[in-house]
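**Q** After the structure tokens below, expect a handful of questions from me.
Readers should treat all values here as calculations from the given coordinates under stated rules, not as data from a laboratory. All of these numbers come straight from a predicted model, not from anything done at the bench. Positions of Cβ are generated from backbone atoms using ideal geometry, with glycine treated the same way; all protein chains shown enter the neighbour counts.
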Amino acid sequence: MDKRKRRLFKAFLILLCFTVIVFFPSQWVHLSTMHRILDPADAPEADCILVLGCGLQPDGSPSPMLRERIETGVELYQAGRSRVLLMSGSTRPGHDEIAAMTGTAEALGVPASALLGDGEGHNTYLSLQNLAESSPDCTVLIVTHRYHLYRSIYIARSMGLTAYGIPCDTVRYTGQFNRDVREILARDKDFLQCFLRHFRVR
């Protein structure tokens, strides 16, 4: 094999390794959880319904994507799937997702006594970790957009939770392609976090 062919072969091996490292974890997360994504009508009864945060409007109200998640969570609650509706998101000065989420749910008819908030759910991993620490072995219905559900379910199950995903998608938002690309890397990151956590807790 001459020098040029060796360089091409080496480049091919590097590209192959990069592809495997980046796409295998993401695909594993996707394939191992897709059967646990259910239509709202098929959702089982659960210990809690977890709605994951998704940003606010400049005026502090829920973003359109977040409102979709809240409305789906409320529909599950009103259908009797759980007596607890847990809102998880980021709370900091000038950005209180929990207040916006619980306020919207109350306006849609959910009593305050059924609402819980986790203001330390700054990302998906922390939201599920906080739930697992406060309610080990619980059954949870995770409400978010479909692209985000695979990773959410994977994290929850790695922490010992019985988790099902309920998608809230009604429209395709601008920028979804970019979110899909970022989600590949996010799945890789959380796959690694869950893998390392397995050894820390043993």
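**Q** Find how much the distance from T139 to F24 grows on full extension, using 0.36 nm per residue of separation minus their present alpha carbon separation; answer in nm with one decimal. Before the final figure, lay out each step's value.
**A** Values: separation 115, 0.36 × 115 = 41.40 nm, distance 2.79 nm.
Contour length minus the Cα-Cα distance gives 38.6 nm.
**Q** Moving to a separate point now. Taking the Cα centre of the stretch 60-196 as origin, work out the dipole magnitude from +1 charges on Lys and Arg Cβ and -1 charges on Asp and Glu Cβ, in debye rounded to 20.
**A** Its charge dipole is roughly 300 debye.
**Q** State the extension gain, in nm to one decimal, for the chain segment bounded by N178 and A114, taking 0.36 nm per residue of separation less the distance between their alpha-carbons.
**A** On the way: separation 64, 0.36 × 64 = 23.04 nm, distance 3.53 nm.
Going from the current span to full extension adds 19.5 nm.
**Q** Also, quick follow-up: All other residues with a Cβ under 11 Å from the Cβ of P40 taken together, and with Lys, Arg as +1 and Asp, Glu as -1, what is their net charge? Walk me through the numbers before you get to the answer.
**A** Working: positive: R81; negative: D39, D42, E71, E75.
Its environment carries a net charge of -3.
**Q** Right, something else. For M34 and R6 in the same chain, what is the full-extension length gain: residue separation times 0.36 nm, less their Cα-Cα distance, in nm? Kindly include the intermediate steps, with their values, before the conclusion.
**A** On the way: separation 28, 0.36 × 28 = 10.08 nm, distance 4.08 nm.
Working it through step by step, the gained length comes to 6.0 nm.
**Q** Distance between the C-alpha centers of the stretch 44-83 and the stretch 143-157? Whole Å please.
**A** Answer, in whole Å: 14.
**Q** Please rank D39, D188, fewest neighbouring Cβ atoms within 10 Å first, as an exposure proxy. Numbers along the way, then the final one.
**A** On the way: D39 8, D188 19.
With the sparsest Cβ surroundings first, the list reads D39, D188.
**Q** Continuing with this model, one more query. Of C17, Q193, V74, which is farthest towards the positive pole of the chain's charge dipole, taken about the Cα centre with +1 and -1 on the beta-carbons of Lys, Arg and Asp, Glu respectively?
**A** After comparing all options, I get C17.
**Q** Kindly point out which whole DSSP H helices in the chain project their C-alpha atoms 18 angstrom or further along the helix axis while averaging a Kyte-Doolittle hydropathy of 0.0 or above.
**A** 3-33
**Q** Spin-label point model (7 Å from Cα, Cβ direction): what's the R92 to L16 distance in nm?
**A** That separation, rounded to one decimal, is 4.4 nm.
**Q** If you don't mind, there's one more thing I want to ask. Give me H35, H122 sorted ascending by neighbouring Cβ count inside 10 Å, so fewest comes first. Each step should come with its number before you reach the end.
**A** Numbers: H35 9, H122 17.
Listed from fewest to most nearby Cβ atoms, that is H35, H122.
**Q** Hey, another quick one. Among DSSP beta bridges lying fully in the chain, give the percent that are antiparallel, nearest 5. Intermediate values should be presented prior to the final figure.
**A** Working: 4 of 23 bridges.
Here the share of antiparallel DSSP bridges comes out near 15 percent.
**Q** Given [x] 105; [y] 120; [z] 158 as candidate values of volume of the Cα convex hull per residue in Å³, which corresponds to the one derived from the coordinates?
**A** Calculated volume of the Cα convex hull per residue in Å³: the matching label is [z].
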